[in-house]
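Encoded as structure tokens, the structure appears first; notes follow it.
The values are calculated or read from the model by the stated rules, or taken from the named source; none is laboratory data. Quick caveat: nothing in here was measured; it's all calculated off a predicted structure. So basically every Cβ, Gly included, is an ideal-geometry build from the backbone, and we count neighbours across all protein chains shown.
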Amino acid sequence: MANTWKQEAEVFQRDGAVLLRGALDANWLRKLEEGLQQAYASPDGKSAGVGDPLRIDHFPSDKIPALREFIDTSPLAEIVGRILNSPIRFYMDQVFYKPEGQVVPTPWHQDTCYYNISGNDLIRAWVSPDPVPRDRSIEVIRGSHRWNVTYHPWVGRDPASDPKGAAKAEALYQNQEPVIGVDAHDTLSYEQAFADSTLPSLPDIEAHRDSFDVLGWDYQPGDVLLFHGHIVHSARGDVYSHSPRRALATMWAGEDVHYLHRRGQVIPDPRALYEFKPKNGDTLDQFPSVFPVAWAP
Ligand SMILES: O=C(O)CCC(=O)C(=O)O
């Protein structure tokens, strides 16, 4: 591994996040912007009512060729693979679009509690075609990727609000079936999913910011921010912006990433995975047609 990658990889492993400056050129930024604008023009409805005016769309590259091309052919896969120094596979993508106006903060959370996967080699790559100053960009709690705890997500209904529906979801979970089916790609909104009430709540980080090692960046277009799938993170806001803050967040998996049914699954499995009926512990390389190697050393 070249020296620069070694240093960046060490920072990633130690802190759980690293910012790579100027990794994407102007052509890629144009492609990214085009894709994000197309996604914004065709909402998938999943985050409706949750974070307005924050729009979160899931698997946007399934329907937006510009985003598909960006993910498949930009340097993103190689960057992630070099940080892990191992073969990597693409898992899924999301759009986080905050329109011009008052910037809505994204609350503190971990990513892994939303998906039916777990593992140490999980990297989120967050990119934007916009300058994102420190007062509205991503923040992480340094080192929290190693806290070894899964917290309650900030979305999902209280099971007590619909005992019948919650019992159905619990039965699916007990049978080791996904609690949201493939139709969730077309119909589910965050508000319909049930939260896993057995998970602990996150500490009130905003109220006690000085007690946490909060790391943040002034992000510039072309930078690639990588953070660990388990890390506790948020995006700042509550400031006025004269332009939108648009971001594509992709999730990439290294060798130890495996399937894990979650009681509080909020985000559907990748569409093509459903037909394979994966079991707990199956690694993603067991499904090469769904998760082909995107880059290898
Ligand atoms: O862009 C944002 O506001 C939040 C992004 C985020 O939480 C994520 O990528 O997991």
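Annotations
- Test result for Trp147, among the aromatic types (Phe, Trp, Tyr) and within 25 Å of Gln102 (Cα to Cα): no
- Whether a residue is buried (at least 20 other Cβ atoms within 10 Å of the Cβ) and of a type outside the set (S, T, N, Q) was assessed, and Val232 passes this test.
- If only residues of the stretch 36-68 that are aliphatic (A, V, I, L, M) and modelled with pLDDT of 80 or more are counted, the one that is farthest from Trp126 (Cα to Cα) is Ala41.
- Just one residue in the set Leu215, Leu260, Leu225 is under 21 Å from the mean Cα position of the chain (by Cα) and surrounded by 22 or more Cβ atoms within 10 Å (Cβ to Cβ); that residue is Leu225.
- Verdict on Val140 being buried (at least 23 other Cβ atoms within 10 Å of the Cβ) and either touching a residue at least 24 places away in the same chain (Cβ under 8 Å) or away from the ligand (no atom under 15 Å from the Cβ) (or both): yes
- Only one entry in His185, His152 is surrounded by 15 or more Cβ atoms within 10 Å (Cβ to Cβ) and in a helix (DSSP H, G or I), namely His185.
- Taking every residue in the stretch 237-252 that is assigned to a strand (DSSP E or B) and β-branched (Val, Ile, Thr) and pairing it with any residue that is at pLDDT 95 or above and within 12 Å of the ligand (Cβ to nearest atom), at least 6 positions away or on another chain, the pairs with Cβ-Cβ distances below 7 Å are Thr250/Asp93; Thr250/Ala125.
- Residues in the stretch 112-141 that are farther than 21 Å from Leu20 by Cβ and outside any strand (DSSP E or B): Thr112, Cys113, Tyr114, Tyr115, Asn116, Gly119, Asp135.
- In the set (1) in contact with a Ser or Thr (Cβ under 7 Å, 6 or more places away or on another chain); (2) more than 16 Å from the ligand (Cβ to nearest atom), the condition left unmet by Pro270 is number (1).
- Per the conditions (1) assigned to a helix (DSSP H, G or I); (2) free of Cβ contacts under 8 Å to residues at least 60 places away in the same chain, the sole criterion not satisfied by Phe70 is (2).
- Of all residues in the stretch 79-97, those being in a loop (DSSP other than H, G, I, E, B) and either within 10 Å of the ligand (Cβ to nearest atom) or free of Cβ contacts under 8 Å to residues at least 40 places away in the same chain (or both) number 0.
- Residues satisfying the stated conditions in the stretch 211-262, i.e. of a type in the set (Gly, Ala, Ser) and either closer than 19 Å to Arg82 by Cα or touching a Ser or Thr at 6+ places or on another chain (Cβ under 7 Å) (or both): Gly216, Gly222, Gly229, Ser234, Ala235, Ala247, Ala249, Ala253, Gly254
Residue-by-condition table, conditions (1) part of a helix (DSSP H, G or I); (2) in contact with a strand residue (DSSP E or B) (Cβ under 8 Å, 6 or more places away or on another chain); (3) within 16 Å of the ligand (Cβ to nearest atom):
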position	(1), (2), (3)
Ala166	yes, yes, no
Val179	no, yes, no
Thr198	no, no, no
Pro221	no, no, yes
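- Annotation for the stretch 98-113: no member residue is away from the ligand (no atom under 16 Å from the Cβ) and under 30 Å from Asn148 (Cα atoms).
- Selection count where residues are under 29 Å from Gly264 (Cα atoms) and free of Cβ contacts under 8 Å to residues at least 60 places away in the same chain, scope the stretch 198-210: 7
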